Amino acid sequence: EDGYLAWLPYRRQETKEGLERCKAYRQIVVAAAAEDGGAVIQSAAAELARGLESLSGLSAAVVNEGEVPESGAYIQLALFSSPAAGMDRLFPAAVRTEIGPEGFTMQTEADTGRIVIAAAAPAGLLYGAFHLLRLFAAGQSVDGLNIQENPVNPLRMINHWDNMDGSIERGYAGKSIFFENNRFKADKQRIRDYARLLASVGINAVSINNVNVHKQETLLITEEFLPDVAEVAAIFREYAVKLFLSVNYAAPVEMGELPTADPLDPAVQAWWQRRTQDVYAAIPDFGGYVVKADSENRPGPFTYGRDHADGANMLAEGLEPYGGIVIWRCFVYNCKQDWRDRKTDRARAAYDHFKPLDGRFKDNVILQVKNGPIDFQVREPISPLLGAMPSTHQVLELQITQEYTGQQRHLCYLVPQWREILDFDTHLKGNGSTVKRIASGELHGSRLAGIAAVSNIGDDANWTGHRLAQANLYGYGRLTWNPELTSSAIAEEWIRLTFGNGSEKLIRTVQQMLLDSWGIYESYTAPLGVGFMVNPDHHYGPNVEGYEYSMWGTYHFADWQGIGVDRTKATGTGYTGQYAGPNFERYESLETCPDELLLFFHHVPYTHKLHSGKTVIQHIYDTHFDGAEQAERLAAQWEALAGSMDEGLHRQVAERLAEQAEHAKEWRDRINTYFYRRCGIADEQGRTIY
Ligand code: BDP
């Protein structure tokens, strides 16, 4: 089993009851006129038929109203506006007003058993169809359903960092599914299958090329490639996913058409308007542009003495007539800093650059803010910029691809981390000003809001390299739809869909492995929130001083006496001052700073006592010995599942877990040895430190 079907294999139902249920619902009726967004509704119906066919082992079909048996169960997809029988009774006005443009409601009619999925618009029917399929696949009863669902986040996006040569920046699962040899791939089947996966977890937007836009990708908005882009957009459209492109801020210059990219130059403005017009001529529902500007050597408005608002607004103007948006990234910092300068703090940069611009952005600009102030580390505080610009739209940026969390060779289920991020209280508008309320747009009443995340897929047979890393893509979608879902519930859903319901032992074991994995990874890598300690460039594996004397601004300042970055207002870089009241106080003071972030905020001696009662150095030793042991335990837990799943699938994951266990020992020894030699303090338990 190669894993290509991911969480949609729709395995034959294991129980008699489950099987009977799926057999009963093999007819799908569409009650909507063809002009009502036909393609998406067709996808919804086709998915139901395909799923039920596979779950029941019998053929299933989409039939006309007239072909439906008078009695008996079937599934009906209906827009509120459609004339289907009984709609007013099943979905009275009070219910309909609760359902947003992408939401759905679903009911089982008591007397007939008919399940009606109803929505205001086609996308809702698609999400409802996948929701119902999840229930069938999990072997749950569908009697008496009465469900109302709306996605919490308006924008639920995936960012691809794919290059047209086929490579993927920070990709750990093969090559691009979109591009090869500087062109689009001819075979689009894989893109179609990907669109299904995305829609099945509620993703509604995708950008297909890297934020670092090189020469070739600059041409994506030209006549050379727009027909291909349009073809891909059409595939996604059938699954209600909007297509975006990353653009090169200096495109007019790069393409040799203008001498400048100054956003205030009328020729530059006209250039972008013309290009944007071409894009919309090819793709009328194009989403907009994703922009990384003035960041890590990318061009931007700074070159012309302009600021980010000038830059973003210029692009926004071109998109405005078509309803398009600019997603402007806030990952802006000095990547050529002097490592000897302790006062320049990369963590401060996004807030310092963007906060003063609040209120200056056009209404079709969204700022995209990474979850932490540095760069997707296993542990970081929440970016203080999130929510700090009440008059500006923002989306939260997460990283599904495991750049710093084991690169899909180590197991690291990231949903618990994302839950923590979303549940974090910024206190910006009093208690309860959580990141999830900022992301959803609710806290500041933002029209545009949501979550974007960097993709973890490639053309590996199973999409994600590590089969269990599929749970991160699945979990990202589900959590973005509803941030109240728990990490463990999402894990269980994914396991049941992926492996079936046959073995309770398998379900519980894999669930526990997933839930433990983030903590395990954290325990054998960089300690107490200090971050990095990875090999430069590719970022895999331990290298304690890999970035310590470089220009990237990611330092830990370990010496023979202590370690950590003083980011306090009192004596350090003042970064803590970017947080609202209670968070500022909590991080500023050594007494209240949480252990797991201690070294992010404070420089302390190795003998400093944590709240746990341990010294920093003993904590480092203990967590690293323990983490390596637990990585071995993961492998053993998986081993015990041999025989309860497809052999090839079992072997593939077993190999990765074995590598992880080995590699965790290397992490343990490199970190422990480094600190032991620096400070000379022995491990209380006398374990081997080289
Ligand atoms: C870092 C990656 C780099 C990206 C950059 C970004 O190492 O490859 O280009 O973020 O987000 O995590 O732009």
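The values are calculated or read from the model by the stated rules, or taken from the named source; none is laboratory data. Only a predicted model underlies this, so the values are computations on that prediction, with no experimental measurement involved. Every residue, glycine as well, gets a Cβ built from its backbone with ideal geometry; the counts of neighbours run over all protein chains shown.
Report whether or not LEU396 is within 16 Å of the chain's Cα centre (by Cα), under 20 Å from LYS292 (Cβ atoms) and within 16 Å of the ligand (Cβ to nearest atom). So LEU396 fits the description; yes.
Any residue at all in region 97-107 that is in a strand (DSSP E or B), in contact (Cβ under 8 Å) with a residue 60 or more places away in the chain and surrounded by 19 or more Cβ atoms within 10 Å (Cβ to Cβ)? Write out each step before concluding.
In the first step, residues of region 97-107 are kept if they are in a strand (DSSP E or B); the result is 104-107.
Among the residues that remain, those that are also in contact (Cβ under 8 Å) with a residue 60 or more places away in the chain are: none.
Scanning region 97-107, I find no residue that is in a strand (DSSP E or B), in contact (Cβ under 8 Å) with a residue 60 or more places away in the chain and surrounded by 19 or more Cβ atoms within 10 Å (Cβ to Cβ), so the answer is no.
Return the residues of region 18-29 that are out of contact with any Ser or Thr (no Cβ under 8 Å at 6 or more places or on another chain) and either without any contact (Cβ under 8 Å) to a residue 24 or more places away in the chain or crowded, with 20+ Cβ neighbours inside 10 Å (or both); say none if nothing qualifies. Within region 18-29, GLY18, GLU20, TYR25, GLN27, ILE28, VAL29 meet the criteria. Those strands (runs of 3 or more DSSP E) of region 1-95 in which 2 or more residues are under 18 Å from ALA137 (Cα atoms) occupy 27-31.
The rows are residues; the columns are (1) away from the ligand (no atom under 14 Å from the Cβ); (2) in contact (Cβ under 8 Å) with a residue 12 or more places away in the chain; (3) in contact with a strand residue (DSSP E or B) (Cβ under 7 Å, 6 or more places away or on another chain); (4) under 20 Å from VAL435 (Cβ atoms).
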residue	(1), (2), (3), (4)
PHE331	no, yes, yes, yes
ARG360	yes, yes, no, no
ASN364	yes, yes, yes, no
VAL369	no, yes, yes, yes
ILE382	yes, yes, no, yes
SER391	yes, yes, no, yes
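Residues of region 47-74 that are exposed (fewer than 12 other Cβ atoms within 10 Å of the Cβ) and either touching an Asp or Glu at 6+ places or on another chain (Cβ under 7 Å) or of a type in the set (Asp, Glu) (or both): SER59, GLU67, GLU70.
Only a single criterion out of (1) away from the ligand (no atom under 13 Å from the Cβ); (2) touching a Ser or Thr at 6+ places or on another chain (Cβ under 6 Å) is not satisfied by GLU420, namely (2). Scanning region 564-607 for residues that are buried (at least 17 other Cβ atoms within 10 Å of the Cβ) and of a type in the set (Val, Ile, Thr) turns up VAL565, THR568, THR573, THR576, VAL604.
Just one of (1) away from the ligand (no atom under 16 Å from the Cβ); (2) over 21 Å from PRO416 (Cβ atoms); (3) of a type outside the set (Lys, Arg); (4) touching a residue at least 40 places away in the same chain (Cβ under 8 Å) fails for GLY553. It is (1).
Within region 212-243, restricting attention to residues that are touching a Ser or Thr at 6+ places or on another chain (Cβ under 7 Å) and over 16 Å from ASP165 (Cβ atoms), the residue that is surrounded by the fewest Cβ atoms within 10 Å (Cβ to Cβ) is GLU238.
Within region 568-580, is even one residue over 30 Å from GLU659 (Cβ atoms), of a type in the set (A, V, I, L, M, F, W, C) and within 16 Å of the ligand (Cβ to nearest atom)? No, region 568-580 contains no residue that is over 30 Å from GLU659 (Cβ atoms), of a type in the set (A, V, I, L, M, F, W, C) and within 16 Å of the ligand (Cβ to nearest atom).
The helices (runs of 4 or more DSSP H) located wholly in region 434-514 that include 1 or more residues which are acidic (Asp, Glu) and in contact (Cβ under 8 Å) with a residue 24 or more places away in the chain occupy 487-499.
With respect to (1) in a strand (DSSP E or B); (2) more than 15 Å from the ligand (Cβ to nearest atom), the lone exception for LYS355 is condition (1).
What helices (runs of 4 or more DSSP H) lie completely within region 236-324 and have 2 or more residues being at negative phi and of a type in the set (Ser, Thr, Tyr)?
Values: elements: 251-254, 266-282, 308-319.
Here the list reads 266-282.
Scanning region 278-303 for residues that are out of contact with any Pro (no Cβ under 8 Å at 6 or more places or on another chain) and within 19 Å of SER207 (Cα to Cα) yields a total of 16.
Being surrounded by 17 or more Cβ atoms within 10 Å (Cβ to Cβ), within 16 Å of the ligand (Cβ to nearest atom) and not acidic (Asp, Glu) holds for only one residue in ASN159, ASN153, and it is ASN159. Taking residues in region 189-214 that are free of Cβ contacts under 8 Å to residues at least 24 places away in the same chain, and partners anywhere that are crowded, with 24+ Cβ neighbours inside 10 Å and not hydroxyl-bearing (Ser, Thr, Tyr), not one pair has Cβ atoms closer than 8 Å while being at least 6 places apart or on different chains. When the residues of region 423-443 are filtered to those that are aliphatic (A, V, I, L, M) and out of contact with any Ser or Thr (no Cβ under 8 Å at 6 or more places or on another chain), which remaining residue is nearest to ASN364 (Cα to Cα)? It comes out as ALA439.
Annotation: of all residues in region 287-329 being among the small types (Gly, Ala, Ser) and within 14 Å of the ligand (Cβ to nearest atom), the one that is surrounded by the most Cβ atoms within 10 Å (Cβ to Cβ) is ALA293.
Of the residues that make up region 184-205, is at least one under 27 Å from ALA129 (Cβ atoms), within 16 Å of the ligand (Cβ to nearest atom) and under 20 Å from the mean Cα position of the chain (by Cα)? No, region 184-205 has no match at all. Can you name the residue in region 206-241 that is among the small types (Gly, Ala, Ser) and away from the ligand (no atom under 16 Å from the Cβ) and is also nearest to THR480 (Cα to Cα) among such residues? For region 206-241, the residue satisfying everything is ALA240. Looking across region 162-181 at every residue that is touching an Asp or Glu at 6+ places or on another chain (Cβ under 6 Å) and farther than 18 Å from ILE221 by Cβ, the one that is farthest from the ligand (Cβ to nearest atom) is identified as ILE177.
Residues in region 246-267 that are crowded, with 22+ Cβ neighbours inside 10 Å and touching a residue at least 24 places away in the same chain (Cβ under 8 Å) were compared, and the one that is nearest to the chain's Cα centre (by Cα) is SER246. Is it the case, given these coordinates, that ALA121 is of a type in the set (A, V, I, L, M, F, W, C), surrounded by fewer than 17 Cβ atoms within 10 Å (Cβ to Cβ) and more than 16 Å from the ligand (Cβ to nearest atom)? No, not satisfied. Just checking, does region 420-432 include any residue being surrounded by fewer than 24 Cβ atoms within 10 Å (Cβ to Cβ), under 30 Å from ALA658 (Cβ atoms), over 12 Å from the mean Cα position of the chain (by Cα) and at pLDDT 95 or above? Yes; the residues of region 420-432 include at least one that is surrounded by fewer than 24 Cβ atoms within 10 Å (Cβ to Cβ), under 30 Å from ALA658 (Cβ atoms), over 12 Å from the mean Cα position of the chain (by Cα) and at pLDDT 95 or above.
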